[in-house]
Amino acid sequence: MVLKFVAHSYRVLRIARRYGWLPGARYTNLRDVRRCDRVGFLDIEWKNYSFERHLKAAKATRPVITVALDIDDPRKLTKTLDQAWELSLYCDRVIIVPKHPSLKNKLDSHIPKKFILGYSVPTRYGGTVISPRFFKRSVHLLGGRPDIQRRLAEIMPVVSMDCNRFTLDAAFGDYFDGETFRPHPAGGYERCIRESIRNINRLWSSYESHGRL
């Protein structure tokens, strides 16, 4: 079973929980997960990353999964792995996100198997440029459209994913119908959230991952 996470308002987290999703939050804003039994996914503020604040949040929340800072410079690999080992003391698994092209043939040899590989789904804001075919062990999909996430899972062994794209569309009365986003015939924010989550769940219902969380 692929674990699914959404980081958003408590309103969305409450709905998603009914359908088997786990709550997520950035380490900079834990307000909406304070009423949750356990944080599923602890995300980061990558533009102004603070390892000290990240580690403090991990200690406080003990999430299922957290993600280390993206590796966009191979010279930072050792430092990132050292931070990941420390974070791993306070969560079940840590995601390592290799982004620099020079790492494509080193994912297994340079990144310990204790860590999940993270693939940042390409959007107009950026993403992982390494081809999905180089990701041959357990992968977490970071963001992006749900239909693209599901297609990527045919190339790499996905064990978990986070997605909040559908929350943005719901604000405009659109929902994910299993193939694309379109206006909901009845409208309503919560209705769009519920229908999107149901259809995303259906996309993954028959998926069998060869990875292991």
Simple spin-label estimate for residue 38 and residue 18 in nanometres, 7 Å along Cα-Cβ: 2.3 nm
Cβ-Cβ FRET estimate between residue 75 and residue 49, R0 fixed at 25 Å, reported to 0.05: 0.95
Trypsin sites (Lys or Arg not before Pro) lying in DSSP loop within the range 157-213, provided at most 10 other Cβ fall within 10 Å: 212
Theoretical ellipticity at 222 nm over the chain - DSSP helices of four or more residues, -39500 (n - 2.57) apiece, nearest 500: -8500 deg cm²/dmol
Rounded if a/c under 1.5, otherwise prolate or oblate - the range 3-204, Cα gyration tensor axes: oblate
Cross-link partners of residue 59 among lysines (Cα-Cα below 27 Å; sequence separation of 8 or more within a chain): 4, 47, 76, 79, 99, 113, 114
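Taken together, the values in this text are just the output of simple stated rules run on the coordinates, not laboratory data. Model, not experiment: these values are computed from the prediction. Every residue, glycine as well, gets a Cβ built from its backbone with ideal geometry; the counts of neighbours run over all protein chains shown.
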